[in-house]
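Read through the structure below, which is laid out as structure tokens, and then see the notes.
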Amino acid sequence: MIDNIIKPLLLEDETYTKIGRLLEQEMAKGLSKTTNPSAKVKMLPTYVRALPNGLEEGNFLALDLGGTNFRVLLISLSKESGVRMENKIYPVPEKIMTGTGKELFDHIAYCISDFIHEHNIQGQHLPLGFTFSFPCKQESLSVGRLISWTKGFSCSDVEGENVVDLLHAAIKRRNDISVECVAILNDTVGCLMSCAYLDHDAEIGVILGTGTNACYMEKLDKVELWDQDKAEPSQVVINTEWGAFGDDGCLDFIRTDYDFQIDERSLNRGRQLFEKMISGMYMGEIVRLVVVECVRTSLMFSGVLGRFKERDCFKTKYVSAVEKDHGRGSFENTKRIIEQMGIKEFTDSDCSALFRICQAVSIRAAKLSSAAIVTLMNRINRPNITVAVDGSLFRFHPRFEGVMKETIAEMYNFGHQFKLMLSEDGSGKGAALVAAVAHRLKNN
Ligand code: ADP
Ligand code: MG
């Protein structure tokens, strides 16, 4: 029965509550000086101490690197007209994602130069904010050392280095543009900043895209690792790096055979185990592995695998498309996708099996992220909290947001209000805002 195969993906409410508590323990470990070195959830201080107040102004360049698309942006902030942005997407070929660090940063510098020449802004000296969405240990707003690559990147000679130095060195090698990177930030921080610009209750930023991660505003006296000045504001944004939750084995009690398979075949084995159960880079592949199991036991497609045998062939956007058929009374999208997967003969019961598998995988992902968000909301413990969320999985999946709202409302029993707010291009806008807030505080 399909039910038996799906069952390990269906978790009880109490299990999600337990996962929330485990994450709370992991976060405490990450924040404490003595346990941080061995903690898997690193709770990295970001040096972002203040959120925008809506009065930020100026022109900025921004870079967004951390998934399949790399972008260069030009952003103007003004009190009167808000945010104006222009951006260009530059693909990062897989050869560069897994090549040398020098090749990667030369490519980035080439893209910045191309963008600057296209917009004819060679003459201006614009500060640049770099949204670099990999775990970094920051030493200041403009010094961030890569801890380890994630999400399919593995460029040599970058781990342990200050990414801003590598960028500046590549810009210098070209010698055709004048650009200074004044801030490096995580996409979670960009996401939080972009929403806080509009909504002053925003204190949490969550990414549900290629990967998953979150940041939040923490009180300095809770951050033992903070060895800088404790002047006002006595708070700092913490990049949790919650994607690594479970890397010490504490989530093995819920991990299925499919989760173990995903991990074994990944570039970063044994790492980012929470992320591998949730995010867009993996969700489609989990569904594919469950389908393979169903076909193998002749429960689907009369035992014919078609392209389901090809790794990474079933995209997470197909999961969204299949789930969009729900309630329509037809399997329009589902049928189209099954055909695309090279299966010529199938029945309505195959369609409904595929739907149930997609749903089980998505609901688990949405509830795991909700449990983690509730853990952060409990830490912040304010009457009104806005959670800023960015990423294509959250944006485009038909049920993800709905399941998250229900789950958070059930789990968050303080009676406080919360809101999920979609971040509009947080990685770009946020980079400009971090640069601008730094500028404002400096001039105060
Ligand atoms: P990034 O996280 O790299 O900045 P995105 O936020 O665009 O980029 O997320 C990319 C991820 O979103 C990919 O892993 C992709 O599988 C997933 N994705 C893209 N479109 C959809 C969709 N319609 N439904 C669900 N997931 C999607
Ligand atoms: Mg992004």
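Structure notes:
- Search result, residues across region 183-234 that are within 16 Å of ligand 2 (Cβ to nearest atom) and assigned to a helix (DSSP H, G or I): ASP187, THR188, VAL189, GLY190, CYS191, LEU192, MET193, SER194, CYS195
- Any hit, region 248-265, residues being of a type outside the set (Ser, Thr, Tyr) and surrounded by 24 or more Cβ atoms within 10 Å (Cβ to Cβ): no
- Some residue of region 246-260 being within 16 Å of ligand 1 (Cβ to nearest atom), touching a Ser or Thr at 6+ places or on another chain (Cβ under 8 Å) and in contact (Cβ under 8 Å) with a residue 40 or more places away in the chain: no
- Residue match in region 240-247 (condition: within 16 Å of ligand 2 (Cβ to nearest atom), modelled with pLDDT of 95 or more, of a type in the set (S, T, N, Q) and buried (at least 17 other Cβ atoms within 10 Å of the Cβ)): no
- Residues located in region 407-435, provided they are away from ligand 2 (no atom under 16 Å from the Cβ) and open to solvent by 50 Å² or more (accessible area, probe 1.4 Å): ALA409, GLU410, ASN413, PHE414, GLY415, HIS416, GLN417, PHE418, LYS419
- On inspection, ILE204 does not qualify as farther than 29 Å from ILE278 by Cβ and either touching a residue at least 60 places away in the same chain (Cβ under 8 Å) or in contact with a strand residue (DSSP E or B) (Cβ under 8 Å, 6 or more places away or on another chain) (or both).
- Scoring ILE112 on the criteria (1) of a type in the set (A, V, I, L, M); (2) buried (at least 18 other Cβ atoms within 10 Å of the Cβ); (3) in contact with a Gly (Cβ under 8 Å, 6 or more places away or on another chain) leaves a single failure, condition (3).
- Neighbours by Cβ (under 6 Å, 6+ apart or cross-chain): first from region 30-43, within 13 Å of ILE238 (Cα to Cα) and open to solvent by less than 50 Å² (accessible area, probe 1.4 Å); second in a loop (DSSP other than H, G, I, E, B) and basic (Lys, Arg): GLY30/LYS42
- Within region 380-432, the residues that satisfy the criterion of being away from ligand 1 (no atom under 13 Å from the Cβ) and on the phi > 0 side of the Ramachandran plot are ASN381, GLY415.
- Scanning region 348-359 for residues that are buried (at least 22 other Cβ atoms within 10 Å of the Cβ) and either touching a Lys or Arg at 6+ places or on another chain (Cβ under 9 Å) or under 11 Å from LEU9 (Cα atoms) (or both) yields ILE357, CYS358.
- Among residues of region 275-314, those that are farther than 19 Å from GLN340 by Cβ, under 26 Å from the mean Cα position of the chain (by Cα) and open to solvent by less than 40 Å² (accessible area, probe 1.4 Å), counted: 6
- Selection from region 47-67 of residues that are within 16 Å of ligand 1 (Cβ to nearest atom) and of a type outside the set (Asp, Glu): ALA62, LEU63, LEU65, GLY66, GLY67
- So ASP165, is it surrounded by fewer than 24 Cβ atoms within 10 Å (Cβ to Cβ) and not β-branched (Val, Ile, Thr): yes
- Spans of strands (runs of 3 or more DSSP E) in region 2-116 with at least 1 residues among the β-branched types (Val, Ile, Thr): 69-78, 82-91
- When LEU10 is tested against (1) touching a residue at least 24 places away in the same chain (Cβ under 8 Å); (2) surrounded by fewer than 21 Cβ atoms within 10 Å (Cβ to Cβ); (3) closer than 25 Å to ILE147 by Cα, exactly one condition is not met: (3).
- Note on region 364-406: residues that are over 19 Å from the mean Cα position of the chain (by Cα) and open to solvent by less than 10 Å² (accessible area, probe 1.4 Å) amount to 1.
Here's the yes/no breakdown for (1) closer than 19 Å to LEU185 by Cβ; (2) surrounded by fewer than 20 Cβ atoms within 10 Å (Cβ to Cβ); (3) within 16 Å of ligand 2 (Cβ to nearest atom):
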{"position": "ILE116", "(1), (2), (3)": "no, no, no"}
{"position": "GLN124", "(1), (2), (3)": "no, yes, no"}
{"position": "GLY129", "(1), (2), (3)": "yes, no, yes"}
{"position": "LYS137", "(1), (2), (3)": "yes, yes, no"}
{"position": "LEU141", "(1), (2), (3)": "yes, no, no"}
{"position": "ILE147", "(1), (2), (3)": "yes, yes, no"}
{"position": "THR150", "(1), (2), (3)": "yes, no, yes"}
{"position": "PHE153", "(1), (2), (3)": "yes, no, yes"}
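To keep it simple, each residue is scored yes or no on (1) basic (Lys, Arg); (2) under 30 Å from ASP229 (Cα atoms); (3) in the same structural domain as ASP252 (by TED's automatic domain parsing).
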position: MET1; (1), (2), (3): no, no, yes
position: ILE19; (1), (2), (3): no, no, yes
position: VAL41; (1), (2), (3): no, yes, yes
position: ASN53; (1), (2), (3): no, yes, no
position: LEU73; (1), (2), (3): no, no, no
position: SER78; (1), (2), (3): no, no, no
position: ILE89; (1), (2), (3): no, no, no
position: THR98; (1), (2), (3): no, no, no
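- Checking each residue in region 57-99 for being crowded, with 21+ Cβ neighbours inside 10 Å and either at pLDDT 85 or above or over 20 Å from ALA183 (Cα atoms) (or both) picks out PHE60, LEU61, ALA62, LEU63, ASP64, LEU65, GLY66, VAL72, LEU73, LEU74, ILE75, LEU77.
The values are calculated or read from the model by the stated rules, or taken from the named source; none is laboratory data. On a predicted model such as this, the values are computed, not experimentally measured, just so you know. Backbone-built Cβ (ideal geometry, glycine too); neighbour counts: all protein chains shown. Accessible surface is based on the protein model in full, side chains and every heavy atom, while ligands, DNA and RNA are left aside. Shrake-Rupley method; radii C 1.70, N 1.55, O 1.52, S 1.80 Å.
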